[in-house]
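Asks: Provided herewith is a single structure, encoded as structure tokens, for subsequent inquiry.
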Amino acid sequence: MNKNTNEWVWWKHGVIYEIFPKSFYDSNADGTGDIQGIILKLDYLSSLGIDAIWLTPIYESPMFDFGYDVSNYREIDPVFGTLNDFKTLLVEANKRNIRIIMDMVLNHTSHLHSWFLESKSSLDNPKRDWYIWKEGVKNKPPNNWLSSWGGSAWEKDETTGYYYFHSCMKEQPDLNWRNKEVIEAVFDEVRYWLDLGVDGFRLDVINWIIKDKHLRNNPSYSRLLNIQRHLFDRNRKGAHRIARKFRLLLDEYEDRMAVGEVFSFPPGNPKLSASYLGKGDELNLAFDFSLMYRTWSASSFYKCIKKWYKLVADKGWPSIVLSSHDYPRSIGRYAVLNKTDRFKRAKVAAFLQLTLKGTPFIYYGEEIGMTNVFMKPSEISDPLGKKFWPIYKGRQPARAPMQWTSEKNGGFTSAADTWMKMNADYKKINVESQLPNDKSLLNLYKDLIEIRKNTPALYSGEFEAVKKGKSGVLAYYRLHYYSDNVFVALNFTSTIKTISVKNTDNWKVLLSTHRNKEEITTINELKLAPYEASVFIKI
Ligand code: NOJ
């Protein structure tokens, strides 16, 4: 293992695993996942080989938006346990060389946060300016800004008769990051977690944090369809100033990191994402959603990767994200109609994610091929799903409880009921059944993570494309300046493909869906089986 060499930087070279805590593992039989549940599954995570966990919010919250509405940044919500549980998690994770990344929601708080309650109480409250308040115009909102949840982004508060701004739900008022006291107060909350030993943060919608000073109207597209170009309420330059300040704060501590959720609609905006890396003085990593927004196509994946790498070059380091708690499970996206090939494609996707240059973020359950749950409107609690059903079913179908075993409720809980519907496929798709099977997706993830960790070219080498996806094949070198180079070939199609690589050297199979490990071969004229994914190392 090269983990201890000087070159190893955990957030660059390691593998990060996203957990949606309500759905990971329930330790106290109430049907909801919790921190103790995560602790009980740390050995599983350690055997998977991941280096860090990113937890979606676990702070005290009235849960209008699954914890993305924080009412107290210093407390753990009782749904998940206690602060002591969290401290135990830190200790137990660190024992296993696993770091903890928390979700930090900077853009907004809950409407029940004491800051907001004070702010709304009167026009001259000292915290009045901590949020964005404005008088209406003829009993209408101050401007035309639309919330991402639909409708006006302004809500009238009867206490003072003013409107407050909310990018998301009305229960999530936006903080005013132009106010210096806000910066100090929120940074104090961040310090609190850093002092406790948290290793990093995922920053929620960081690109929305600053709004136009004059609250100018956005160019209006369609209010009916809730579509608008968010020129004045998102992606403002000032957000970079905050990102730089955040980085300075992080750098007061050793070895910490921040990854920004730089939100953009499909097809993604890698330029915007890369801009949050600054000149190496903003965030350590940023999410680019382009890969997540792609359908199954080798060439379109390639185009995204090429663009992303070019934009990130010199500024920082790429992240590689194929799925998250906000987007449908990848296995369904990659094989919408072609259900028979689902697992084959999931394997190729796993090879892609874990052999590319950049920090992979794996969403829990992807390693066993969990699928979206079919939900009736009455079963949905996601406010977005409720609001836009049936046009959009919301994000909950991708947030179902982890499928551990084939027992009742997938071994997720011993309670009679789970907080949300289990996916009925848990009897077939679960950790327990995949563990003993050498050919399972789970064991493939383990093997991929292991070779990645042990191969400098894979965790830190340069990327050089050989086949750019035109015939359904993606092939590339990962080149390392002192260690052995690696060659990766991925056949995205259900037919045999032969590629000519123009390389007469001998290579050894490191890992493959179709070839035996250690087999020595040339790659000059390489015949790939349908959906073959193979990694070779130069000998
Ligand atoms: C992005 C988060 O990923 C999403 O789940 C949340 O609803 C919004 N930000 C608002 O905080």
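The values are calculated or read from the model by the stated rules, or taken from the named source; none is laboratory data. Remember, it's a predicted structure, so these values are computed and weren't measured experimentally. With ideal geometry, Cβ positions are generated from the backbone for all residues, glycine too; neighbour counts draw on all protein chains shown. Protein only, heavy atoms only, side chains kept; ligands, DNA and RNA dropped before computing areas. Shrake-Rupley method; radii C 1.70, N 1.55, O 1.52, S 1.80 Å.
Asks: Out of the stretch 60-97, which residues are assigned to a helix (DSSP H, G or I) and either within 16 Å of the ligand (Cβ to nearest atom) or not aromatic (F, W, Y) (or both)? Let's see the steps before the verdict.
Replies: So the first thing to find is which residues in the stretch 60-97 are assigned to a helix (DSSP H, G or I), and the list is 83-95.
If the condition is that a residue be assigned to a helix (DSSP H, G or I) and either within 16 Å of the ligand (Cβ to nearest atom) or not aromatic (F, W, Y) (or both), then L83, N84, D85, K87, T88, L89, L90, V91, E92, A93, N94, K95 are the ones that fit.
Asks: Look through G394, G358 and report the one residue that is away from the ligand (no atom under 15 Å from the Cβ) and either closer than 24 Å to L45 by Cβ or open to solvent by 10 Å² or more (accessible area, probe 1.4 Å) (or both).
Replies: G358
Asks: Right, next: Only one residue in I35, I16, I39 is in contact with a strand residue (DSSP E or B) (Cβ under 6 Å, 6 or more places away or on another chain) and over 13 Å from T413 (Cβ atoms), so which one is that? I'd like the intermediate steps shown before the answer.
Replies: Values: I35 fails: in contact with a strand residue (DSSP E or B) (Cβ under 6 Å, 6 or more places away or on another chain); I39 fails: in contact with a strand residue (DSSP E or B) (Cβ under 6 Å, 6 or more places away or on another chain).
Answer to the selection: I16.
Asks: Return the pair list, or none, for Cβ contacts closer than 6 Å from residues in the stretch 107-120 that are among the aromatic types (F, W, Y) to residues that are within 16 Å of the ligand (Cβ to nearest atom) and part of a helix (DSSP H, G or I), at least 6 apart or on different chains.
Replies: From residues that are among the aromatic types (F, W, Y), there are no pairs.
Asks: Taking the criterion of being basic (K, R), open to solvent by less than 20 Å² (accessible area, probe 1.4 Å) and within 16 Å of the ligand (Cβ to nearest atom), would at least one residue in the stretch 230-245 satisfy it?
Replies: Yes, there is a match, as at least one residue in the stretch 230-245 is basic (K, R), open to solvent by less than 20 Å² (accessible area, probe 1.4 Å) and within 16 Å of the ligand (Cβ to nearest atom).
Asks: Within the stretch 398-454, track down each residue that is of a type in the set (D, E, K, R) and open to solvent by less than 60 Å² (accessible area, probe 1.4 Å). If you could, list the steps in order and put the result at the bottom.
Replies: Kept after step one, since they are of a type in the set (D, E, K, R), are these residues of the stretch 398-454: 399, 407-408, 417, 421, 425, 427-428, 432, 438-439, 446-447, 450, 452-453.
Scanning the stretch 398-454 gives R399, D425, K446, D447, R452, K453.
Asks: Give the stretch 253-276 a look and list any residue that's in contact (Cβ under 8 Å) with a residue 40 or more places away in the chain and over 17 Å from the mean Cα position of the chain (by Cα), or say none.
Replies: Y253, D255, R256, K271
Asks: Moving on to the next point. From the set of residues in the stretch 48-59 that are away from the ligand (no atom under 11 Å from the Cβ) and part of a loop (DSSP other than H, G, I, E, B), which is nearest to F24 (Cα to Cα)?
Replies: Among those residues, the one meeting the criterion is I58.
Asks: For the stretch 30-47, give me the residue count where each residue is closer than 16 Å to T82 by Cα and either without any contact (Cβ under 8 Å) to a residue 12 or more places away in the chain or part of a loop (DSSP other than H, G, I, E, B) (or both).
Replies: Of all residues in the stretch 30-47, those closer than 16 Å to T82 by Cα come to 30, 32-40.
Pick out the ones that are also either without any contact (Cβ under 8 Å) to a residue 12 or more places away in the chain or part of a loop (DSSP other than H, G, I, E, B) (or both) and you get 30, 32-34.
Qualifying residue count, the stretch 30-47: 4.
Asks: Only one of Y477, Y531 is surrounded by 14 or more Cβ atoms within 10 Å (Cβ to Cβ) and part of a loop (DSSP other than H, G, I, E, B). Can you tell me which?
Replies: Details: Y477 fails: part of a loop (DSSP other than H, G, I, E, B).
Among Y477, Y531, only Y531 is surrounded by 14 or more Cβ atoms within 10 Å (Cβ to Cβ) and part of a loop (DSSP other than H, G, I, E, B).
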